[in-house]
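The values are calculated or read from the model by the stated rules, or taken from the named source; none is laboratory data. Not measured: the values here are computed from a predicted model. Because the Cβ atoms are built from the backbone with ideal geometry, glycine has one as well, and the counts that use them run over all protein chains shown. Heads up: the accessible areas ignore ligands, DNA and RNA and are worked out on the full protein's heavy atoms, side chains in. Shrake-Rupley method; radii C 1.70, N 1.55, O 1.52, S 1.80 Å.
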Amino acid sequence: MGLQDTYNYLMRIRKKEYAIKRKQLRCEELRSCLGAGAIQYDKDRVQTSPTDKVSEIIGKVVDLEEQIEQLKQEKALLIIEIGDAIELLPDDNEKTVLAEFYIGWVPMAQVAKIINYSVRRTYYFRKQGVLHLGMVLEDI
């Protein structure tokens, strides 16, 4: 597996998280349309009119919530898969850097503190870990 392919493999978790956040943002926006102003209690309407969009918005919110749950399950499976692949690496520093950075979303400066190395050296461990992970994934 090439270097860029391995980076893309590791970034799948973040891409899934970005998709979740986009859907959550859209869902929150739609929910805000359902506030007290969207429902009018003083008109005694029993049935909805063709211009009443509340039920349509509620349907979209429900669909988005289901999609978000599906994406969260997919993300959990990715975390397991990528975490297991990272654990196959022989070097503990490479494992820690890759796991903290790609799974834990820890900034590189913080990862450097965790492993007690400079930030520059931490980036080196990340690159070496990605190279070695690519080799491990080819063998699987």
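Annotations for the structure displayed:
- Single residue of Leu77, Leu88, Leu98 found to be hydrophobic (A, V, I, L, M, F, W, C), at pLDDT 95 or above, open to solvent by 50 Å² or more (accessible area, probe 1.4 Å) and more than 15 Å from the chain's Cα centre (by Cα): Leu88
- Members of the stretch 111-140 found to be open to solvent by 70 Å² or more (accessible area, probe 1.4 Å) and hydroxyl-bearing (Ser, Thr, Tyr), listed by number: Tyr117, Tyr123, Tyr124
- Conditions (1) open to solvent by less than 30 Å² (accessible area, probe 1.4 Å); (2) outside any helix (DSSP H, G or I); (3) touching a residue at least 24 places away in the same chain (Cβ under 8 Å): number failed by Val106: (3)
- Number of positions in the stretch 62-97 that are over 30 Å from Cys33 (Cβ atoms) and basic (Lys, Arg): 1
- Residue selection: Gln47 fails the criterion of being at pLDDT 90 or above and among the polar types (S, T, N, Q).
- Filtered residue count, the stretch 109-140, keeping only those that are in a loop (DSSP other than H, G, I, E, B) and modelled with pLDDT under 95: 1
- Restricting attention to the stretch 27-44, the residues being in a helix (DSSP H, G or I) and either open to solvent by less than 60 Å² (accessible area, probe 1.4 Å) or at pLDDT 95 or above (or both) number 2.
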